[in-house]
Amino acid sequence: SPLAPTEQPRTITAERIVIATGSTPTKLDIPGAELAITSDEAFALPQRPERVIMIGSGYIGIEFAGIFAGLGSQVDLVYRRDLPLRGFDEDMRTALADAIDARGITQHRHANPTSITRNGAELVLTLDNGQTLRADCIFMATGRRPKIDALELGKTSITTADNGRIQVDGNSETAHPGIYAIGDVTDRINLTPVAIAEGHNLADRLFGQAPPRQWCYATTPKAVFFSPPLATVGLTEEEATQNGAVDIYLTRFNPMRYTLAGRVRKTAMKLVVDQQSQKVVGVHILGDEAPEMLQAVAIAVTAGLTKADFDRTIGIHPTSAEELVTMRTRTRTTPKADK
């Protein structure tokens, strides 16, 4: 691992070396950025801030905005685009934006921070639209970069991309023979289970007696633990149309338990089906227990099951998950995207 500030450089000799030093949060390059915290400091706060400004709407920004709101803090969410969670399916992003509003979190879209200043006990964030926001804590969830600063890679033949990502081949080997890199330091799919899978795969290949297991990274399921959570596997509608026309099955409903309790907490579910093969190439859910549902559904998508396979599966009633096998009416057809 990288050296602590008080440690002296040391030499390690081995037949093979694996770099798995992970990543570290980054901050915006604006005046006063040092006054903001990141996810590294979030759990070391001496007390709960009454007012929190969250900058960024990726995994970390959305999850921590939900955490602080759930604890009772007033939360402002600032991000550059029109919807949160860039790269996720557009229908799910819209549903999540509605869920964020329902949690009482104030969204500031199309806004770029320009500076942070301190005014007594409070912090002041200035946006490029001239608006100023005041809070007790400003949290930057504005990305991460590979943690390589202490590795002195310039003394090796290891190559890195502009963002610091260590470049590897399909066997996780760097340009320096015998040195490998896995996990976030390669900036491919920055998820803990993926790093674990890459480690297993590398160990199998280098030391295992049997052929290494074949992981399907293309259908890596993902979850954003907001309340309600969002989970997804496979392609978004936008990605799927790069390959051809798709059939879309989309539903939004109030789960039975909330209807019986007189409450509104919408669930959204979406199936993306390749029109030619009728394979289900993407499944997206926003709602209670969405990650638990998606883990099993990811097996079906990885296996290449078709919409007919979903349709002939009997649902469990009454559950929200049964909607996945009872969506019979196609919502729309989206043509292949123009190149």
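The values are calculated or read from the model by the stated rules, or taken from the named source; none is laboratory data. What you are looking at is a predicted structure, and each value in this text was computed from that prediction instead of being measured. Every residue, glycine as well, gets a Cβ built from its backbone with ideal geometry; the counts of neighbours run over all protein chains shown.
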**Message:** One residue is enough: does the stretch 310-320 have a residue meeting the conditions aliphatic (A, V, I, L, M) and within 14 Å of VAL280 (Cβ to Cβ)?
**Reply:** no
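Inside the stretch 270-339, counting only helices (runs of 4 or more DSSP H) that do not spill past its ends, which hold 3 or more residues that are farther than 19 Å from TYR217 by Cα and not aliphatic (A, V, I, L, M)? Even if it seems obvious, please write down each step before you answer.
Working: elements: 290-303, 307-311, 323-326.
Passing ranges, in order: 307-311.
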Counting only residues in the stretch 123-166 that are surrounded by fewer than 13 Cβ atoms within 10 Å (Cβ to Cβ) and of a type in the set (Asp, Glu), the one nearest to VAL78 (Cα to Cα) is identified as ASP128
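Please find, among ALA121, ALA99, ALA69, ALA95, the residue that is out of contact with any Asp or Glu (no Cβ under 6 Å at 6 or more places or on another chain), modelled with pLDDT of 95 or more and over 30 Å from VAL281 (Cα atoms).
Details: ALA121 fails: modelled with pLDDT of 95 or more; ALA99 fails: over 30 Å from VAL281 (Cα atoms); ALA95 fails: over 30 Å from VAL281 (Cα atoms).
Step by step, each of ALA121, ALA99, ALA69, ALA95 is checked, and only ALA69 is out of contact with any Asp or Glu (no Cβ under 6 Å at 6 or more places or on another chain), modelled with pLDDT of 95 or more and over 30 Å from VAL281 (Cα atoms).
Among ALA65, ALA69, ALA36, which is aliphatic (A, V, I, L, M), over 22 Å from THR114 (Cα atoms), surrounded by 17 or more Cβ atoms within 10 Å (Cβ to Cβ) and not assigned by TED's automatic domain parsing to the domain that holds PHE225?
ALA69
Given the criteria of a type in the set (Gly, Ala, Ser) and either farther than 17 Å from GLY282 by Cβ or touching a helix residue (DSSP H, G or I) at 6+ places or on another chain (Cβ under 7 Å) (or both), does ALA218 qualify? Before you say what the answer is, go through the steps one by one.
On the way: of a type in the set (Gly, Ala, Ser): yes; either farther than 17 Å from GLY282 by Cβ or touching a helix residue (DSSP H, G or I) at 6+ places or on another chain (Cβ under 7 Å) (or both): no.
When the stated conditions are applied, ALA218 does not pass them.
Residues in the stretch 279-287: is at least one touching a helix residue (DSSP H, G or I) at 6+ places or on another chain (Cβ under 9 Å), at positive phi and either surrounded by fewer than 16 Cβ atoms within 10 Å (Cβ to Cβ) or of a type in the set (Gly, Ala, Ser) (or both)? Quick ask: steps written out before the conclusion?
First, the residues of the stretch 279-287 that are touching a helix residue (DSSP H, G or I) at 6+ places or on another chain (Cβ under 9 Å): 279-287.
Those still in the list that are at positive phi too: 287.
Checking which are either surrounded by fewer than 16 Cβ atoms within 10 Å (Cβ to Cβ) or of a type in the set (Gly, Ala, Ser) (or both) leaves us with 287.
Yes; the residues of the stretch 279-287 include at least one that is touching a helix residue (DSSP H, G or I) at 6+ places or on another chain (Cβ under 9 Å), at positive phi and either surrounded by fewer than 16 Cβ atoms within 10 Å (Cβ to Cβ) or of a type in the set (Gly, Ala, Ser) (or both).
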From the option list GLU41, GLU15, single residue qualifying as exposed (fewer than 12 other Cβ atoms within 10 Å of the Cβ) and under 28 Å from LEU153 (Cβ atoms) is GLU15
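Quick grid of which residues meet (1) out of contact with any Ser or Thr (no Cβ under 7 Å at 6 or more places or on another chain); (2) part of a strand (DSSP E or B); (3) without any contact (Cβ under 8 Å) to a residue 40 or more places away in the chain:
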residue	(1), (2), (3)
ARG134	yes, yes, no
ASN163	yes, no, yes
ASN171	yes, no, yes
ASP184	no, no, no
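Being under 17 Å from THR331 (Cβ atoms) and among the charged types (D, E, K, R) is the filter; apply it to the stretch 262-282 and report the residue that is nearest to the chain's Cα centre (by Cα).
Keep residues of the stretch 262-282 that are under 17 Å from THR331 (Cβ atoms), which gives 266-275, 278, 280-282.
So of that shortlist, the ones also among the charged types (D, E, K, R) come out as 266, 270, 274.
Numbers: LYS266: 21, LYS270: 18, ASP274: 24 Å.
It comes out as LYS270.
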When restricted to ALA95, ALA111, the only residue surrounded by 19 or more Cβ atoms within 10 Å (Cβ to Cβ) and either free of Cβ contacts under 8 Å to residues at least 40 places away in the same chain or not assigned by TED's automatic domain parsing to the domain that holds MET54 (or both) is ALA111
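Within the stretch 88-106, is even one residue more than 30 Å from LEU235 (Cβ to Cβ) and not charged (D, E, K, R)? Full working, then the answer.
Taking the stretch 88-106 first, the residues more than 30 Å from LEU235 (Cβ to Cβ) are 104, 106.
Among the residues that remain, those that are also not charged (D, E, K, R) are: 104, 106.
Yes, the conditions are met somewhere in the stretch 88-106.
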Matching residues in the stretch 206-261 (within 17 Å of the chain's Cα centre (by Cα) and assigned to a loop (DSSP other than H, G, I, E, B)) number 9
Output for Cβ contacts, cut-off 8 Å, separation at least six or different chains, first residue touching a residue at least 40 places away in the same chain (Cβ under 8 Å) in the stretch 40-66, second part of a helix (DSSP H, G or I) and of a type in the set (S, T, N, Q), reads ILE60/SER39; PHE64/SER39
(1) surrounded by fewer than 19 Cβ atoms within 10 Å (Cβ to Cβ); (2) under 18 Å from ARG252 (Cα atoms) all hold for LEU294 apart from (1)
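Considering the stretch 139-161 alone, what residues qualify as being assigned to a strand (DSSP E or B) and either touching a Ser or Thr at 6+ places or on another chain (Cβ under 8 Å) or not assigned by TED's automatic domain parsing to the domain that holds LEU202 (or both)? Reasoning before the result, please.
Pass one, the stretch 139-161, residues assigned to a strand (DSSP E or B): 139-140, 144-146, 160.
Correct list: PHE139, MET140, ARG144, ARG145, PRO146.
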Requiring at least 2 residues that are aliphatic (A, V, I, L, M), the strands (runs of 3 or more DSSP E) wholly within the stretch 1-105 are 17-19, 51-55, 74-78
>> It is to be established whether one or more residues within the stretch 249-271 are within 26 Å of GLN214 (Cα to Cα) and surrounded by fewer than 20 Cβ atoms within 10 Å (Cβ to Cβ).
In response: no
